[in-house]
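Just below is one structure, and these are the notes that go with it.
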Amino acid sequence: MKRAPSRTVRAGSVTIGGGHPIVVQSMCATRTQDIEATVAQTKMLHEAGAGLVRIAVDNVADVDCLAEIRGRVPEANLVVDLQENYRLVERVAPHVNKVRYNPGHLYHHEKQKTIREKVAFIVEHTAKNDCAMRIGVNCGSVDPAMAEKFEGADGPGLDGVTAMVESALEHCRILDDLGFTRYVVSMKDSDPRKVIEGNQRFAAARPDVPLHLGVTEAGMLPDGAIKTRIAFEQLLSKGVGDTLRVSLTLPFAEKWREVEVGNQIITDIEAGRYRSVPVFQDHGLNIISCPSCSRVENEAFVDLAFKVKEMAQYAKDYDITIAVMGCRVNGPGETDDADLGLWCGPAFVNLKKGPIDVGAFKYDEVLGRLRVEMDALIAAKGPVPAR
Ligand code: SF4
């Protein structure tokens, strides 16, 4: 398979980039503080072939648990996923092989500090602990300054791509300037076309930087695998991409399927077998759902996502996008772009119509309320247009 001339980045026992085999990754959906469940899922993903396993950390209690998990699964290469609380890197870096930070969440804490100062802090502790790093830009949480600066910069159906690419390039410049080059980049969106466009643009500007591919919140099988395959086939066939993660909403016991699907896509592309998946069906019902992780506000989320998919089938021919998200990290942003969106809280689910809040509903009430909103949307749309 043709590969971009990216540099090599070692993370524990795997090497990303430089023509090395594409590393398939996954992420634990269990609560990090549920040590037994997270040890079991980390082992499951590692044994399924995940070269890197990511674990979310939001507070000091998570860090202590991660240290225990590290000790119990020494064979796995671990990645920590940092969002708002970037200062945790100092405590967590000794227990992992790679650190992912999200540029779009660095502005929350310590507003008196510059983004560069915060990145320098992350670099200091990442380098000191022999870790690699990922600049992980996500459509649901792009740096607001970038989103504002590049609003309207993209063509139809590609809105937000320039802000994602420019945010990633800006952070590459900061890291290069700080003398830290052991990093990879990801730019993820729930729309495969934006993932293709963003990664192709970035690869053209920085072919030296290894890319981590992913369609975020791709959803449930089979749709999630189809959306992901569309993007990965277009990118990997052009040599773009050095590691990847397939983000699927799955029951805990089936999380290994993310690795299986990732490996299958690579094997097919290497064999020249393009499943010629249908052109992205940007019509009909489209359900976006996150793969869940330790931050999920209520473990009923995965079940809710499957119930939404089941309930919404009556509207499968309507151009309706429903987003079902597990928490506040990407929930509010990702649901803004959907016709109807659900993002979970501990006891209530927030229902939105595009950017407008409809209200917060109990987990056993929200499906009924979503149905009401769907019926209203369908009534407003009128009969399904002939295709
Ligand atoms: S939206 Fe929240 S729960 Fe879902 S994967 Fe993202 S951080 Fe985890």
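Shape analysis of segment 286-381 places it in the prolate category; the axes a ≥ b ≥ c from the Cα gyration tensor give an a/c of at least 1.5, with a/b above b/c.
By the Stokes-Einstein formula, at 0.890 mPa s and 25 °C, the chain with its Kirkwood radius over alpha-carbon pairs has D equal to 117 µm²/s. For R91, R31, R182, the ranking by accessible surface with the largest value first comes to R91, R31, R182, using a 1.4 Å probe. Against the criterion of solvent-accessible heavy-atom surface with a 1.4 angstrom probe, C28, C139 sort, most first, into C139, C28. For the listed peptides 347-353, 369-375, a ranking on the average number of other beta carbons within 10 Å per residue, highest first, reads 347-353, 369-375. Packing-based ranking of 18-24, 334-340 yields 334-340, 18-24, ordered from highest to lowest mean Cβ neighbour count within 10 Å. The DSSP beta bridges internal to segment 229-387 are antiparallel in roughly 55% of cases.
Note on A205 and Q112: their simple-model spin labels are 3.3 nm apart, each label 7 Å out from Cα toward Cβ. For the chain, the mean residue ellipticity at 222 nm estimated from helices alone is -11500 deg cm²/dmol, where every DSSP H run of n ≥ 4 contributes -39500 (n - 2.57) and the total is divided by all residues, rounded to the nearest 500.
For the chain, give the percent of accessible area contributed by carbon and sulfur heavy atoms, probe 1.4 Å, rounded to a whole number. Heavy-atom surface of the chain belonging to carbon and sulfur, 1.4 Å probe: 53 percent.
Taking square-rooted eigenvalues a ≥ b ≥ c of the alpha carbon gyration tensor, is segment 145-223 rounded, prolate or oblate, where a/c under 1.5 means rounded and, failing that, a/b exceeding b/c means prolate? Oblate is the answer for segment 145-223, as a/c is 1.5 or above yet b/c matches or exceeds a/b. The modelled label-to-label distance between T181 and D317, using points 7 Å beyond Cα along the C-beta direction, is 5.8 nm.
Rounded to the nearest 5, what % of DSSP beta bridges with both residues in segment 9-270 are antiparallel? Once the DSSP bridges in segment 9-270 are tallied, antiparallel ones form about 10 percent. Probing with 1.4 Å while keeping every protein chain in the model, the per residue accessible area of the chain equals 39 Å². Model label points for D375 and S237, set 7 angstrom from Cα along the Cα-to-Cβ axis, are 4.4 nm apart.
The values are calculated or read from the model by the stated rules, or taken from the named source; none is laboratory data. Since the model is a prediction, treat every value here as computed from it, not as a measurement. As a convention, Cβ positions derive from the backbone with ideal geometry for all residues, glycine included, and neighbour counts pool all protein chains shown. Heavy atoms of the whole protein, side chains included, go into the accessibility calculation; ligands, DNA and RNA do not. Shrake-Rupley method; radii C 1.70, N 1.55, O 1.52, S 1.80 Å.
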